[in-house]
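A.B. asks: Below is the structure I would like to discuss, written out as structure tokens.
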Amino acid sequence: MASSMNPPQTTVSFISLGCFKNTVDTEVLGGMLTEMGVRIVSSYEAADWIVINTCGFIQPAKEESISEILSALEMKTNGEVQHVAVIGCLAERYLEELRQNFPDVDLIWGVNDPHNLATAIAHDQPAPYGKIPVFLYDHTHSRIQTTPPNTGFIKISEGCDMKCNFCAIPAIRGPYRSRDIESVIREAETMRKRGVAELNLISQNSTYFGLDHGPSSQLPVLLKSLSSLGFDWIRVLYLMPEAVTEEILEGFSYPGILPYFDLPLQHVAPPLLRRMRRGGSADTFQRLIEKIRRDFSAAVIRSTFITGFPGETEALFQELCDFARELRIERIGAFAFSPEEGTPAFDLDGRVPPEDAVLRREELMDISDANLEAYNQRITGTVQSFLPGGPSPWEQETTLGRISSQAPEVDGLTEIRADLSMTSAPISIRITASRQNILQGESA
């Protein structure tokens, strides 16, 4: 009889938008809620709370976040949920605007103080979010898992000190701060014991890891320590190209560290890089990429670029296209410039018409498609390490997954005609064909 008098358990459903750093934040908050007795349910189940972890980086991301807020409020109006919480980057950046425009949202919270956020949700007692100390989680914080069971992400640092002219991240996330190496190792050990085969290290700038604690990057030390834990794949994301040193490259030679180099160059023309408050040039970037390929025969380069940045002439854009084509960058992400209020680039002269920025992006992505096709042809017939992800939704007895040169979500998938539902560790396959961003393989 006593148990029947207990209040019903609060349920929460998450919608996590944006990058994998937001994914980690969602998992940390979910761990706090679970410890407070809250039950986390999928987005397909009825829940007391919908918690939207927003992205506020560029205009398309902001629009997606607003769309999700409106959908959640419609569900609240229809009685499908009781409460809506809007958290994360958009809320940190536009706290007062969201409060004014969405008065029916029950809780609006930025990127810090997740414990008080969890307390407010668990007790259905919305609280105000104000100016509070910046937050950085560590291994003592439990996390739920929202990724496939054989893949995990660890955020090794938070914030950014680079202050690129186009970027709002420092204003949203605060100053750069690294975790202790021991804390990262202990969290990684927990993941490995749980069966995670692929560990992805993420941050705003992984090359700066430890620089806030000493004179040089501690990324090589971290990679050496992690390599001894038995992960099949360890992938480092977000390497700032201007800060890649010989020592950092040597760190990629340890067992298990993938020769996957995520280098957000943004552009290659010095006049534009200076306007962006970024370093480097086509020549320095070319030397870096050529050295990487000399040192690592299986190296894959991923980079992101901005088209239509203020001052980008057609000649400067073609310099970028020539670079991407000649260096055969295997994986490219491109964004048309998004003028973000509060950043120095918002007030720069020389604005490129938005339609021209989009057309330039499309042209650059055509080069990306050609580079990717050439890469896929190069590896056709070779044996690759394949991490199973799950059954294909469109082919029976077919498994979707990724080879080691495909990062989660951004680099496409690989399919193999086999039922690997009982397999979680990487296996060897032979690449047989490709279509667009899907590779096809068979058991080796």
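The values are calculated or read from the model by the stated rules, or taken from the named source; none is laboratory data. Only a predicted model underlies this, so the values are computations on that prediction, with no experimental measurement involved. Glycine also receives a Cβ, built like all others from the backbone with ideal geometry; neighbour counts cover every protein chain displayed.
A.B. asks: Touching a strand residue (DSSP E or B) at 6+ places or on another chain (Cβ under 9 Å), touching a residue at least 24 places away in the same chain (Cβ under 8 Å) and within 21 Å of ASN22 (Cα to Cα): does that describe LEU237?
C.D. replies: yes
A.B. asks: Same structure, new question: Only one of these is within 23 Å of the chain's Cα centre (by Cα), part of a loop (DSSP other than H, G, I, E, B) and of a type in the set (Phe, Trp, Tyr): PHE309, PHE335. Name it.
C.D. replies: The conditions single out PHE309.
A.B. asks: Can you go through ALA85, ALA91 and tell me which one is part of a helix (DSSP H, G or I) and either touching a residue at least 24 places away in the same chain (Cβ under 8 Å) or in the same structural domain as GLY37 (by TED's automatic domain parsing) (or both)?
C.D. replies: Going through ALA85, ALA91 in turn, the sole match is ALA91.
A.B. asks: So, in the stretch 357-374, of the ones that are surrounded by 14 or more Cβ atoms within 10 Å (Cβ to Cβ) and touching a helix residue (DSSP H, G or I) at 6+ places or on another chain (Cβ under 9 Å), which residue ends up farthest from ARG331 (Cα to Cα)?
C.D. replies: Filtering first and then ranking leaves ARG360.
A.B. asks: Hey, among GLY79, GLY110, which residue is in contact with a Cys (Cβ under 9 Å, 6 or more places away or on another chain) and among the small types (Gly, Ala, Ser)?
C.D. replies: Result of the check over GLY79, GLY110: GLY110.
A.B. asks: Which residues, counting only those in the stretch 398-418, are aliphatic (A, V, I, L, M) and either crowded, with 19+ Cβ neighbours inside 10 Å or under 14 Å from the mean Cα position of the chain (by Cα) (or both)? Break it down into steps so the answer makes sense when it comes.
C.D. replies: Filtering the stretch 398-418 for residues aliphatic (A, V, I, L, M) gives 400, 403, 407, 410, 413, 416, 418.
Those that are aliphatic (A, V, I, L, M) and either crowded, with 19+ Cβ neighbours inside 10 Å or under 14 Å from the mean Cα position of the chain (by Cα) (or both): ILE403, ALA407, VAL410, ILE416.
A.B. asks: A further question follows. Can you pull out the residues in the stretch 214-235 that are farther than 18 Å from THR151 by Cα and β-branched (Val, Ile, Thr)?
C.D. replies: If the condition is that a residue be farther than 18 Å from THR151 by Cα and β-branched (Val, Ile, Thr), then VAL221 is the only one that fits.
A.B. asks: Would you tally the residues in the stretch 340-353 being buried (at least 17 other Cβ atoms within 10 Å of the Cβ) and within 10 Å of CYS167 (Cα to Cα)?
C.D. replies: Going through the stretch 340-353 one residue at a time, the tally reaches 3.
A.B. asks: Test ARG430 against the criterion of being surrounded by fewer than 18 Cβ atoms within 10 Å (Cβ to Cβ), outside any helix (DSSP H, G or I) and of a type in the set (Lys, Arg), and give yes or no.
C.D. replies: Values: surrounded by fewer than 18 Cβ atoms within 10 Å (Cβ to Cβ): yes; outside any helix (DSSP H, G or I): yes; of a type in the set (Lys, Arg): yes.
When the stated conditions are applied, ARG430 passes them.
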